[in-house]
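Worksheet: one structure, shown below.
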Amino acid sequence: MIARSYADTVTSSGESPAQPRREPLRAAAFFDLDKTIIAKSSTLAFSRPFFRNGLINRRAVLKGAYAQFVFAVSGADADQVERIRAHLTSLCTGWDVQQVRAIVDETLHDIVDPLVYAEATELITEHRDDGRDVVVVSASGDEIVTPISEMIGATHSIGTRMVATNGRYTGEIEYYCYGENKATAIKDLAAEHGYDLDESHAYSDSITDLPMLEAVGHPTVVNPDRNLRALALERGWPILEFTRPVSLRSRFPTPSGAAVAVTAIGLGAIATAGATLYGIHRRRKR
């Protein structure tokens, strides 16, 4: 076969044939959830409704409330989060999936609605107006992350997924959306949807999300823990302080009941996380 020269490709009109048009790469904005979009741990926030429905006891609720305070003041490091994960899986083993869904369905808006940061909603709106997709990436259960993401108008969401068999949680985690796994998920989503990560943004409060922040060209820290703040100052990353929780209903339309009904989680891990942080904090003081 004889190779064709450039001259052979010129049309009779003297113009070269049209080249296939390539779609330009898009950019996205990736947000952590807890202390970045909302003011508290989305998991710990549900301890009281789980107590009212008999899934956890009063002691766990009290420890959960104390742990919420510790989390708000200092954040959780990698070791604490791993302990929370282990506790979480053991606590919710055997829970009825439909019961958990019903509880979250009834209480999600009352609990989460007042916690969203006004500054986060403004930033999300700005990214959407600039044509970027908004993606929530959180270690919290997918059953919580998905409806919250829908309420704030995110394009996609990624959360931890738990295994259920015969309608009950097995205590196993199918996918743990934490640490390096967040960065991998972001890269996979970028490949699927054509995001240019060099032009994309990421926001988080925790040093444990460093892989996520390093996966994009424009990392920003929000309400950072001590280690992340030091790193941001060293690298010249922007630092934002979000302080004004507002009602989601005042910012975004409420989704249909069907959308919220997706809300169940092995997040029953709620007070579990609380008990874990409480125990760790006490051991450190001894």
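The values are calculated or read from the model by the stated rules, or taken from the named source; none is laboratory data. These numbers come from a predicted model, not from an experiment. A quick note on method: Cβ atoms are made from the backbone with ideal geometry, for glycine too, and the neighbour counts reach across all protein chains shown.
Looking at VAL222, VAL216, VAL246 in this structure, which one is modelled with pLDDT under 95 and among the aliphatic types (A, V, I, L, M)?
Values: VAL222 fails: modelled with pLDDT under 95; VAL216 fails: modelled with pLDDT under 95.
After ruling out the rest, the residue left standing is VAL246.
Quick check on my filter: what residues within the range 207-217 are touching a residue at least 40 places away in the same chain (Cβ under 8 Å) and assigned to a helix (DSSP H, G or I)?
Across the range 207-217, the qualifying residues are ILE207, THR208, ASP209, MET212.
Which one of the conditions (1) surrounded by 13 or more Cβ atoms within 10 Å (Cβ to Cβ); (2) of a type outside the set (Ser, Thr, Tyr); (3) modelled with pLDDT under 95; (4) not in a helix (DSSP H, G or I) does ALA259 fail to meet, given that it meets all the rest?
(4)
Kindly establish whether THR220 is assigned to a helix (DSSP H, G or I), under 21 Å from ALA39 (Cα atoms) and of a type in the set (Val, Ile, Thr). Don't jump to the end; show me each part of the working.
Working: assigned to a helix (DSSP H, G or I): no; under 21 Å from ALA39 (Cα atoms): yes; of a type in the set (Val, Ile, Thr): yes.
For THR220, the condition - assigned to a helix (DSSP H, G or I), under 21 Å from ALA39 (Cα atoms) and of a type in the set (Val, Ile, Thr) - is not met.
I'm told ILE265 meets every condition in (1) more than 18 Å from the chain's Cα centre (by Cα); (2) at pLDDT below 50; (3) closer than 30 Å to ILE103 by Cα; (4) not small (Gly, Ala, Ser) except one. Can you identify the failing condition by its number?
Against the list (1) more than 18 Å from the chain's Cα centre (by Cα); (2) at pLDDT below 50; (3) closer than 30 Å to ILE103 by Cα; (4) not small (Gly, Ala, Ser), ILE265 comes up short only on (1).
Just to check your reading of the model, which residue among THR160, THR146, THR155 is more than 25 Å from ALA118 (Cα to Cα) and among the polar types (S, T, N, Q)?
Numbers: THR146 fails: more than 25 Å from ALA118 (Cα to Cα); THR155 fails: more than 25 Å from ALA118 (Cα to Cα).
Going through THR160, THR146, THR155 in turn, just one is more than 25 Å from ALA118 (Cα to Cα) and among the polar types (S, T, N, Q): THR160.
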